[in-house]
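Worksheet: the structure to be examined is printed underneath.
The values are calculated or read from the model by the stated rules, or taken from the named source; none is laboratory data. Bear in mind the structure is a predicted one, so any value in this text is a computation, not a measurement. Quick reminder, even Gly has a Cβ in these numbers, built from the backbone with ideal geometry, and neighbours come from all protein chains shown. Accessible surface areas use protein heavy atoms only, side chains included; no ligands, DNA or RNA. Shrake-Rupley method; radii C 1.70, N 1.55, O 1.52, S 1.80 Å.
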Amino acid sequence: MDSVAQGLASRSGRLVDWNRRHALVVLSAAALSLAFSSAWWLSAFAAASFAALLRDHQALRSPPASFGAANWVTSARLVGTLALPALAAAGPLAVAAGATVIFALDGADGWLARRSGLASEFGEYFDKESDALLMLVLCLLLYDAERLGAWILLPGLLRYGFVVFLMLARPPEPKERRNALGRWIFFAAMCALVASFTPFRALYEPFSATMTVLLVASFAAAVVEVYRPAPRARRRLAGAARLKTRIARDADDVVRFFDELAPEYRDCHADGQGALHERLALIGRLLPARGSRLVEIGCGNGMHLFDLASRFDAVLGIDASPAMIAAAETARARHRSAARIRLVAERAERLSSIESASCDAVLCVGAFEHMIDQASVLAEAARVLGPGGVFVCLSPNGGYLWYTRFAPWLGLDTRHLSTDRFVAPAQWRALLADAGLEVVVIGFWRFVPTGDMPRGAALAMLALDRVGALLRVESLRGGCYVKAVKPEASRPAIVGGVGKRTASTSIW
């Protein structure tokens, strides 16, 4: 590390140390002010703490030789804040007027710093701690004047409680990241506090209460945010991730992707043989005990289809990838039920080899998310099912927290192909209804894509899956299964004209 980098790191560390001491000093002074019903204790102790900052941290200014116009404006705001208890003797409107002037200057210092090129970390701490002190002083004055209840102290103390939290919890980031939403919440809260010194109690009391709730929510969001990896760390994590989403423009790209996987295909999510047996056991419970004809769409190399062949008079495997079908044909030739297994390379969106109402069950396992026109797939499934026929699908849960929150939070990919679309339980109901299928059950199964995750995340999600299964928390379950039935009296669903067609030939 060169001398410049060392200097920057040293300055940042000293500012963090001062910020922690300052929070403890202010909290102690606030307690004294409450005990003696006088905000002067807070003003005196805070003045001493800021004096220490200005005296001991000259080297933290940017550039070191210049204090800068922006910091002078912040200093004026700070002096005005420290003097607010004196204005309280002149009445609440005097406090409102003084706070309005001080608050109006907020933003001017930041604008001056950017305009003059003198923005610095020192100035950032000086500015935000001056803002926090203004809020706390106003809250104390409102409480002392009995204009609002003790709850109004909460927004004033949040900033200092947050700094103490950072000191004790030691998260990856030693300070919060400022954002536009937080600034707007602070602006609205300050407006509410200033308005609370006016005579219009019916207006300012609910306004202040609402802003307090928003500030508490903002505090909670800031606590979560400091545990979010910094952009550089997120890039490193994404670089080390096991899964990289591949761009797919259309169905042909999807086919090419699986053609490439076919020669040495294994479960893309690295679930292993144990998970395969769990899936087969679940499928066995969902499908009819016996039947004449089963179709599996997206059958891949036949890992599920072949095991189910003994339960049906005939089974048909459909996959859009010719290479996958070729791999399945090789395995079929050695299978004991080879005579009752047929395999066809075609897309599930248009099952031209199957006549309408000609099969008892349609199965899809771990393939539906890769199918681009999912509505047409379900319409075709409904068309080829006979009355009372069953549709069963196992797929990733679109509402899984890994997909919706954790992976985006970490900056990690969750899809193998850019066209992949995970379906949430509520979406399943709508899709099946549009296809003319009646839902029998929607449930969840143990699916944690450990092969797509960093090892630590995989262990955590496996544990959360067990918690989700025990407490029945849907968002903690990675796998979703559906079972639907075709009504006894129904017509084939029509999506884009597909349901109108009856195939001229049948593989059966």
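A single member of Ala407, Ala435 is open to solvent by less than 30 Å² (accessible area, probe 1.4 Å) and within 21 Å of Ile372 (Cβ to Cβ), and it is Ala435. Candidates are the residues of the stretch 330-370 that are without any contact (Cβ under 8 Å) to a residue 24 or more places away in the chain and part of a helix (DSSP H, G or I); the one that is farthest from Ala275 (Cα to Cα) is Ala339.
Scanning the stretch 287-298 for residues that are more than 32 Å from the chain's Cα centre (by Cα) and of a type outside the set (Val, Ile, Thr) yields Leu287, Pro288, Ala289, Arg290, Gly291, Ser292, Arg293, Leu294, Glu296.
When the stretch 417-445 is filtered for residues that are part of a strand (DSSP E or B) and among the hydroxyl-bearing types (Ser, Thr, Tyr), nothing remains.
Please determine whether any residue of the stretch 374-390 is in contact (Cβ under 8 Å) with a residue 12 or more places away in the chain, open to solvent by 30 Å² or more (accessible area, probe 1.4 Å) and part of a loop (DSSP other than H, G, I, E, B). No; the residues of the stretch 374-390 include none that is in contact (Cβ under 8 Å) with a residue 12 or more places away in the chain, open to solvent by 30 Å² or more (accessible area, probe 1.4 Å) and part of a loop (DSSP other than H, G, I, E, B). When Pro64 is tested against (1) modelled with pLDDT of 75 or more; (2) out of contact with any Phe, Trp or Tyr (no Cβ under 9 Å at 6 or more places or on another chain); (3) not in a helix (DSSP H, G or I), just one condition goes unmet, and that condition is (1).
Sub-8 Å Cβ pairs linking a first residue in the stretch 196-207 that is touching a residue at least 40 places away in the same chain (Cβ under 8 Å) and open to solvent by less than 80 Å² (accessible area, probe 1.4 Å) to a second residue that is part of a loop (DSSP other than H, G, I, E, B) and of a type outside the set (A, V, I, L, M, F, W, C), at least 6 apart or interchain, are Ser196/Arg147; Phe197/Arg147; Glu205/Ser196, ordered by first then second residue. Scan the stretch 410-432 for residues that are charged (D, E, K, R) and crowded, with 20+ Cβ neighbours inside 10 Å and the total you get is 1. How many residues, within the stretch 287-328, are within 22 Å of His370 (Cα to Cα) and not in a strand (DSSP E or B)? The total comes to 18. Restricting to the stretch 221-250, name every residue that is modelled with pLDDT of 75 or more and either polar (S, T, N, Q) or not in a loop (DSSP other than H, G, I, E, B) (or both). The answer is Thr245, Arg246. Does at least one position in the stretch 280-299 carry a residue that is open to solvent by less than 20 Å² (accessible area, probe 1.4 Å), touching a Ser or Thr at 6+ places or on another chain (Cβ under 8 Å) and in contact (Cβ under 8 Å) with a residue 12 or more places away in the chain? Within the stretch 280-299, not a single residue is open to solvent by less than 20 Å² (accessible area, probe 1.4 Å), touching a Ser or Thr at 6+ places or on another chain (Cβ under 8 Å) and in contact (Cβ under 8 Å) with a residue 12 or more places away in the chain. Inside the stretch 453-473, residues that are closer than 16 Å to Arg405 by Cβ, touching a residue at least 12 places away in the same chain (Cβ under 8 Å) and open to solvent by 10 Å² or more (accessible area, probe 1.4 Å) make up a count of 3.
Restricting the stretch 317-341 to residues that are more than 42 Å from the chain's Cα centre (by Cα) and closer than 19 Å to Pro288 by Cβ, the residue that is surrounded by the fewest Cβ atoms within 10 Å (Cβ to Cβ) is Arg340. Taking every residue in the stretch 79-102 that is touching a residue at least 24 places away in the same chain (Cβ under 8 Å) and pairing it with any residue that is buried (at least 21 other Cβ atoms within 10 Å of the Cβ) and not in a helix (DSSP H, G or I), at least 6 positions away or on another chain, the pairs with Cβ-Cβ distances below 7 Å are Pro85/Ala39; Pro92/Phe197; Leu93/Phe197; Val95/Phe197; Ala96/Phe197. Which of the residues spanning the stretch 422-436 are touching a residue at least 40 places away in the same chain (Cβ under 8 Å) and farther than 18 Å from Trp402 by Cα? Hits for the stretch 422-436 are Trp428, Leu431, Leu432, Asp434, Ala435, Gly436.
Each row is one residue, and each column tells you yes or no for (1) in contact with a Leu (Cβ under 8 Å, 6 or more places away or on another chain); (2) over 19 Å from Thr212 (Cβ atoms); (3) at pLDDT below 85.
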| position | (1), (2), (3) |
| --- | --- |
| Arg114 | no, yes, yes |
| Asp127 | no, yes, no |
| Ala132 | no, no, no |
| Met135 | yes, no, no |
| Ala145 | no, no, no |
| Leu148 | yes, no, no |
| Gly156 | yes, no, no |
| Val164 | yes, yes, no |
| Met167 | no, yes, yes |
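Residues that are open to solvent by 50 Å² or more (accessible area, probe 1.4 Å) and free of Cβ contacts under 8 Å to residues at least 60 places away in the same chain were ranked within the stretch 144-169; the one that is nearest to Ala86 (Cα to Cα) is Ala145.
For (1) of a type outside the set (Phe, Trp, Tyr); (2) in contact with a Lys or Arg (Cβ under 8 Å, 6 or more places away or on another chain); (3) at pLDDT below 90, each residue gets a yes or a no:
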{"residue": "Asp252", "(1), (2), (3)": "yes, no, no"}
{"residue": "Asp259", "(1), (2), (3)": "yes, no, no"}
{"residue": "Ala262", "(1), (2), (3)": "yes, no, yes"}
{"residue": "Asp271", "(1), (2), (3)": "yes, no, yes"}
{"residue": "Asp313", "(1), (2), (3)": "yes, yes, no"}
{"residue": "Ala326", "(1), (2), (3)": "yes, no, no"}
